[in-house]
Amino acid sequence: MNILVINSGSSSLKYQLFKMPEKAPVCSGLVERIGIEDSFIKHTVYSNGEKHSIEESGFIANHGEGLKQVLALLTQGEYAVINSPDDINAVGHRVVHGGEHFTGATMITDEVKKQIKKLFSLAPLHNPVNYKCIEVAEQTFVNAKQIAVFDTAFHQTLPEKAYRYAIPEWYYKEHGIRVYGFHGTSHKYVSEQAIKWLNKAETKIISIHLGNGCSMAAIKDGKSIDTSMGFGPLSGLMMGTRSGDIDPSVIFHLMEHSGYTLEQLSTLVNKQSGLLGVGGSSDMRDIRKLVDEGNAAAVLALKLYAYRIKKFIGTYTAILNGIDAIIFTAGVGENDSNMREAVCTELDYLGIELDPTQNTAYKGELKEINSDSSKVKILVIPTNEEYEIAHQCYALSN
């Protein structure tokens, strides 16, 4: 079964084609800088153990134009992987916000599209783009099933005591103000891999997703029971450009005493804070270079970043009443051994003990990096959101 997975951001579009149930993709690609000068596409085909890459540049006005160019790469040239759009059996769409309405992969109908539109205000940078890609895919892959997989769905198992805010109930009932959580597809995928690795029925796991956006989840017996992101993707951990948790009094103070507008405040906490605001760059690799140069602000940024993660490990261990494993995943989680070490240092009271040699030897596959005496498994698991989406689409279609 040929399943094309589309993962669209505000100015990007990632895609992978799977011949399910095979886990390895047939091809993958990235369309970057959509609607911006210097747009480009990188397309890679995997065949007989070899990779064949094609790069194209030129202005791409919108996601619809991007998808048309992706279709051309799939069907034309030396490395074509399908003969026509009719060879695609299903298109799986990552949709960021599903509200309370969606708890799993969902066949897209007119009613589902209406619900996605209703949630535009809760994810203004992503849901409208996700919706547009659904419409273009419906016109492009006419005979394929269109399936939505929601980032928020995995966290719909949170108990009310975890998802409600301590404000009057009216705001929840009338405005849907509650914890939704994000990165659910990633947390679901890596926690399921961890459960298989642990090989036990009852599990208590903390999943740590560290990319440009960062979040953590407390997962009991495969179900999310708490998560660090909330109503939107701003709360919780320090991120690339987002502040994470901040006292709301700071917002009120800046409005009252410095005349900040709502737009300025939103820009401040979403785009000018985090690693960028404290350390000078939103990219962890750049922060590391600044640290090597003796930059004190960059050193502080790393300390803040690790400290916030450690706080949530303590919180979630209490909520879970114990812990079997912690998982590091996503760009920073998988690639920054120094950050993993900083997080795990001085957590021996919780039974978390890192093996420095195993930690630095990590090469990209699921691996234990804890010491032999550690009571808690420390796992590095590469996330694979596109495969998880394809997997859910395949299950729904059979």
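Out of everything in the stretch 369-385 that is assigned to a strand (DSSP E or B) and free of Cβ contacts under 8 Å to residues at least 60 places away in the same chain, what residue ends up being farthest from the chain's Cα centre (by Cα)?
Initial filter on the stretch 369-385 (assigned to a strand (DSSP E or B)): 370, 377-380.
Add one more test, that the residue is free of Cβ contacts under 8 Å to residues at least 60 places away in the same chain, and what stays is 370, 378, 380.
On the way: N370: 25, I378: 20, V380: 16 Å.
Among those residues, the one meeting the criterion is N370.
Just name the residue that is modelled with the highest pLDDT out of those in the stretch 116-127 that are in a helix (DSSP H, G or I) and either crowded, with 16+ Cβ neighbours inside 10 Å or not assigned by TED's automatic domain parsing to the domain that holds H93 (or both).
So the first thing to find is which residues in the stretch 116-127 are in a helix (DSSP H, G or I), and the list is 116-118, 120-122, 127.
Still in the running and either crowded, with 16+ Cβ neighbours inside 10 Å or not assigned by TED's automatic domain parsing to the domain that holds H93 (or both): 116, 122, 127.
Values: I116: 92, L122: 81, N127: 86.
So, considering only residues that are in a helix (DSSP H, G or I) and either crowded, with 16+ Cβ neighbours inside 10 Å or not assigned by TED's automatic domain parsing to the domain that holds H93 (or both), the one modelled with the highest pLDDT is I116.
Out of all the residues in the stretch 221-272, which are assigned to a strand (DSSP E or B) and surrounded by fewer than 19 Cβ atoms within 10 Å (Cβ to Cβ)? Talk me through it step by step, then tell me what you get.
Filtering the stretch 221-272 down to residues assigned to a strand (DSSP E or B) leaves 223-227.
Within the stretch 221-272, K223 is the sole residue that qualifies.
When you scan the stretch 57-65, do you find a residue that is surrounded by 14 or more Cβ atoms within 10 Å (Cβ to Cβ), under 26 Å from S11 (Cβ atoms), touching a His at 6+ places or on another chain (Cβ under 8 Å) and modelled with pLDDT of 90 or more, even just one?
Within the stretch 57-65, none of the residues are surrounded by 14 or more Cβ atoms within 10 Å (Cβ to Cβ), under 26 Å from S11 (Cβ atoms), touching a His at 6+ places or on another chain (Cβ under 8 Å) and modelled with pLDDT of 90 or more.
Could you look through the stretch 139-168, keep only residues that are touching a residue at least 12 places away in the same chain (Cβ under 8 Å) and part of a helix (DSSP H, G or I), and pick out the one that is nearest to E192 (Cα to Cα)? It would help to see each step written out before you state the result.
As a first pass, look at the stretch 139-168 and keep what is touching a residue at least 12 places away in the same chain (Cβ under 8 Å): 140-159, 162-165.
If we keep only those that are part of a helix (DSSP H, G or I) too, we end up with 140, 153-157, 162-163.
Numbers: T140: 33, A153: 15, F154: 12, H155: 14, Q156: 17, T157: 15, A162: 22, Y163: 22 Å.
Among those that are touching a residue at least 12 places away in the same chain (Cβ under 8 Å) and part of a helix (DSSP H, G or I), it is F154.
Cβ-Cβ distance below 6 Å, separation of 6 or more or different chains: which pairs start in the stretch 89-114 with a residue that is under 19 Å from Q16 (Cα atoms) and end on one that is of a type in the set (F, W, Y) and assigned to a loop (DSSP other than H, G, I, E, B)?
V91/F141
Let me confirm something: among A306, A390, which residue is modelled with pLDDT of 95 or more, under 27 Å from K289 (Cβ atoms) and among the hydrophobic types (A, V, I, L, M, F, W, C)?
Every option except A306 fails the conditions.
Would you check if K196 is part of a helix (DSSP H, G or I) and out of contact with any Gly (no Cβ under 9 Å at 6 or more places or on another chain)? Please lay out each step first, then the result.
Details: part of a helix (DSSP H, G or I): yes; out of contact with any Gly (no Cβ under 9 Å at 6 or more places or on another chain): yes.
Criteria met by K196.
Which ones in the stretch 366-398 are among the hydrophobic types (A, V, I, L, M, F, W, C) and either on the phi > 0 side of the Ramachandran plot or out of contact with any Pro (no Cβ under 8 Å at 6 or more places or on another chain) (or both)?
I369, V376, I378, L379, V380, I381, I389, A390, C393, A395, L396
The values are calculated or read from the model by the stated rules, or taken from the named source; none is laboratory data. Here the structure is a predicted model, which means the values were calculated and not measured. Heads up, the Cβs are rebuilt from the backbone with ideal geometry, glycines too, and the neighbour counts pull from every protein chain shown.
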